1. With +1 on each Lys and Arg Cβ and -1 on each Asp and Glu Cβ, and nothing else charged, work out how big the dipole of segment A:17-125 is about its Cα centre, in Debye to the nearest 20.
2. Order the following by accessible area, largest value first: B:GLU217, A:GLU62, A:GLU108, A:GLU173. Probe radius 1.4 Å; ligands, DNA and RNA are ignored.
3. For the B and A pair, go ahead and give the buried accessible area with a 1.4 Å probe, both sides summed, in Å² to 100.
4. What ³J(HN,Hα) values, in whole Hz, does the Karplus curve 6.51 cos²θ - 1.76 cosθ + 1.60 give for segment A:189-206 when θ = phi - 60°, with x put for Gly and Pro?
5. Over the protein assembly as shown, with every protein chain in place, what whole percent of the accessible area is carbon and sulfur at 1.4 Å, could you tell me?
6. Once a ≥ b ≥ c are taken as the square roots of the eigenvalues of the Cα gyration tensor of segment B:17-80, is the result rounded (a/c under 1.5), prolate (a/b larger than b/c) or oblate (a/b not larger than b/c)?
7. Going by accessible area, probe 1.4 Å, with all protein chains left in place, what is the ranking of B:LYS45, B:LYS152, largest first?
8. How long are the semi-axes of the equivalent ellipsoid of segment B:199-257, taking √(5λ) for every eigenvalue λ of the Cα gyration tensor, in whole Å from largest down?
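The values are calculated or read from the model by the stated rules, or taken from the named source; none is laboratory data. Please read all numbers here as calculations on a predicted model, not as lab measurements. Cβ sites come from the backbone with ideal geometry, for glycine too, and all protein chains shown count toward neighbours. In case anyone asks, the SASA skips ligands and DNA or RNA and just uses the protein heavy atoms, side chains included. Shrake-Rupley method; radii C 1.70, N 1.55, O 1.52, S 1.80 Å.
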Amino acid sequence: MGYSWYWQIIWDYRAVFFRGAVVTGELTVGALAIGLTLGLSLGLFRSSRIVVLRWPAAVYIEFFRSTPILVQLVWIYYALPILSGIQMGNVTSGAVGIGLHSAAYVAEIFRAGINSIDRGQTDAAKSIGMRYGQLMRRIILPQAVRRMIPPLINEFATLIKLTTLGSVLAVDELLHESENLINNTYRPLEVYTALAVAFAVIIFPVIYLSQRLERYWGVRA
Amino acid sequence: MSAAPVLRVSNLHKHYGRLHVLRGIDLTVDRGEVLVMIGPSGSGKTTLLRCLNFLEVYDEGEVWFGDELVGYQRNRAGRIVRDRESHVARVRARMGMVFQGFNLFPHMTVLENVIEGPVIVQRRKREEAISAAKVLLDRVGLADKVDAYPSKLSGGQRQRAAIARALAMQPEAMLFDEPTSSLDPELVGEVLDVMRNLAADGMTMIIVSHEMGFAREVADRVMMMDHGVIVEVGRPDAIFNAPTEARTSEFLRRVLH
């Protein structure tokens with residue numbers, strides 16, 4: 001194998017990577033905002049005693065967890081406009097699709113966190129006269145949040161990686177920009193390698209932080 | 001003792017699915033009375049105790065705390081319906097409860113545990129709640145553990161902190177659900193001492209316990225339960241020395257051997 005690497009090309013086209021990184025960032029932030037807000041609501045609804053909240057939340061979560069995200073993205077971009085007349089741009093479609101998908105997982109993290117708190121805590125809070133809102137805010141959530149943060153950070157790392165799926169909607173995020181660059185330079189080995197390294201450099205600290213927090217709170221709990 | 005009972009339970013029933021765990025309980029508890037409930041596990045003692053402050057929803061009969069029906073109310077059409085959550089909470093706040101598993105809030109110090117109810121539920125001033133809490137913690141022998149987290153306490157200390165947390169609400173009655181059952185034997189005494197003092201101060205107490213010596217010494221009445229019914233109720237010397245029911249003498253023979 002006498003492949004001669006030409007790394008200079010990465011530096012020469014660095015603007016392309018930065019441009020892609022900005023779009024990847026936009027997708028991430030948009031999807032994160034949707035995923036967190038919708039996910040937290042869905043998680044609360046699913047733990048609710050009220051059937052008309054619990055049931056739709058359960059259907060949503062199970063539906064999004066049991067269909068491929070690629071299909072969800074394509075459906076939102078190509079099928080939704082025909083059915084509803086709602087035509088979103090490709091970046092918005094990508095962010096919304098990844099956000100809706102992520103919400104299902106955030107909801108489950110949230111629910112698992114609440115359920116992991118011993119029932120005795122609820123009993124004790126009620127016995128001193130707390131109402132549902134007070135016991136959630138003062139007793140359950142402060143304990144549950146600690147257990148939720150490490151898996152939420154993990155979900156954040158997953159979400160960053162999922163943004164590469166935006167390339168199928170021709171969103172000019174990192175992967176799509178890289179593919180464009182390869183079409184011009186015929187240097188897939190250098191470009192794909194640099195792309196993988198770039199993602200690793202972004203995501204590894206996130207995963208590491210999540211593990212450290214888990215261990216820190218595990219010891220103190 | 002005053003004329004009006006603190007607690008009045010009539011024809012109380014509770015089902016768990018097809019399991020009929022309380023089968024018609026009738027009971028009154030007077031002000032200042034100490035009632036100890038005994039009986040084999042699964043006899044419904046804990047379930048009954050949890051119905052008294054509606055931690056457990058009962059499905060037939062009535063529980064009256066003073067002049068409040070616990071957990072239910074009469075609507076305009078005169079039908080008995082579930083009470084509003086806020087009102088259930090207000091009634092509950094007038095009864096203290098102590099649990100087998102302590103159930104202290106692990107993210108708060110001992111002091112924060114004790115002032116949580118007064119500050120958040122009763123909306124009392126924080127400084128007032130703190131000084132009242134310190135008096136209570138001193139009374140249960142935890143003056144030096146005010147700023148400790150529950151995880152740093154022994155089981156006996158945790159249970160005494162939990163008693164202080166319940167007392168901080170200035171309850172009219174205290175419910176104890178096997179308060180010493182998860183303690184190491186050498187730590188049981190310190191918790192029973194606190195309860196003994198409470199009883200001497202005239203607190204109305206309803207206690208589920210396997211501590212027969214304590215029941216004999218502190219109880220005004222002992223109530224024997226089995227299979228969701230009250231087998232017999234009486235003064236401790238009557239129950240322990242001359243039980244009228246075979247099930248009671250059988251149970252006592254097994255636990256006292």
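1. Values: 7 positive and 5 negative charges, 21 e Å.
The calculated dipole for segment A:17-125 is roughly 100 debye.
2. B:GLU217, A:GLU62, A:GLU108, A:GLU173
3. Roughly 1900 Å².
4. For segment A:189-206, the Karplus-derived couplings read 4, 5, 5, 5, 5, 4, 5, 4, 4, 4, 4, 4, 5, 6, 8, 4, x, 5 Hz, x marking Gly and Pro.
5. Numbers: 13260 of 23300 Å².
In the protein assembly as shown, the share of accessible area belonging to carbon and sulfur is 57 percent.
6. Since a/c reaches 1.5 but b/c is at least a/b, the shape of segment B:17-80 is classed as oblate.
7. B:LYS152, B:LYS45
8. Over the Cα atoms of segment B:199-257, the ellipsoid semi-axes are 20, 13, 11 Å.
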